[in-house]
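This report concerns only the one structure given below.
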Amino acid sequence: MGGSSTIFPPAVLLACGVCLCVIGLLGLAVGTLHLSLNVSHATLTLVSLALEGALGWFVFVSQAIAFHAYEADKLAVSTFDKGLWMLQMFGGASMGVALLGSQFYFSLQLYRMQSLEDGAAVYDSKYLRKRIVFYSLLVVIKAGCEVAMGVLVYKNDPPLNPVQSPYMSFKYRLIIADGCITLLVGLYGMVIGIAGLSKQGLYFALVAFSSLIIQLGMYDLAQLSQSIPLRSYQLGVLGVILVPLTVGLMCMPIFLVAAMDREKEGEEAPVHHTQGIVFSQSP
């Protein structure tokens, strides 16, 4: 496996990367067949869904949980280091669940559209509210871990080292500020879901996209002027890892809030009954 007493097996991380590529290609293939070629096979989508679920669980357990737990146990030299690794694990887990869960959500929706009768594939507003609360809670967990990590770095004043993925910051003020902004977005989403607020899609999209831009800017742009103790390719890898995780985390609540608005508009739309003439064709 290539690992050692201090190095997590690289073969496992390589397998996780391959599994993520397969998951993405499966979703892309099934979606392209349905949208572009008008080829709809519920069985094929179900097989894809099962593979995505199995591979997704392997990636989640191996990369989001086992990797960080291993590093905390083998590399942490103090309680402070272990605290950072544990916060990274919980934050990474929330982002991983959002990324993998969103793909599973859309694949399941496609399967319902292909296998069930007309109208059965539509999720009602009650279901969407639960999903909004769930994915907004993931945003809150990520942001809460981020704020906690920034506070730990500020209190302990460690040497200049980057906070590992899924967080990367050389300035504790940046990571605390970003975490607070993201926390407000997650709480806003939870309020929308719990209270079932209508017509919030545009407002929520504006604040969530603003938070997304701030997060990506903090990760990749705001720190380039720092004296970074990393090779350029290592910094690039961290930035690339963070982008899809962050986009998946922030965009899913945006979609769900907009979907709930559309569903509520359909439920509240008045039904106009018109009386017309029925023509029958004689044999």
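Cβ-to-Cβ counts within 10 Å put Lys264, Lys155 in ascending order as Lys155, Lys264, the fewest first. Counted by neighbouring Cβ atoms within 10 Å, the residues Met149, Met252 run from fewest to most as Met149, Met252. Gain on full extension, evaluated as 0.36 nm per residue between Val61 and Ile7 minus their Cα-Cα distance, stands at 17.7 nm.
Report the gain in length on full extension from Asp73 to Ser115: 0.36 nm times residue separation, minus Cα-Cα distance, nm rounded to one decimal. Please list the in-between numbers first.
On the way: separation 42, 0.36 × 42 = 15.12 nm, distance 4.70 nm.
10.4 nm is the gain from fully extending Asp73 to Ser115.
Each label was represented as a point 7 Å from its Cα along the Cα-to-Cβ direction; for Phe80 and Tyr123 these points are 4.3 nm apart. Per-residue Cβ neighbour counts within 10 Å put Val12, Val153, Val47, Val257 in the sequence Val47, Val12, Val153, Val257, beginning with the fewest.
Under 25 °C and 0.890 mPa s, how fast does the stretch 60-117 diffuse according to Stokes-Einstein, given a Kirkwood radius computed over C-alpha pairs? Answer in µm²/s, whole number.
On the way: Rh = 13.1 Å.
Roughly 187 µm²/s, to the nearest whole number.
How much length, in nm to one decimal, is gained on full extension between Lys130 and Tyr105, taken as 0.36 nm per residue of separation minus their Cα-Cα distance?
Numbers: separation 25, 0.36 × 25 = 9.00 nm, distance 1.31 nm.
Length difference between fully extended and current span is 7.7 nm.
Since every read-out is calculated from the coordinates, none of them should be taken as a lab result. Predicted, not measured: the structure shown is a model, and the values here were computed from it. Please note: Cβ atoms are built from the backbone with ideal geometry, for glycine as well, and neighbour counts cover all protein chains shown.
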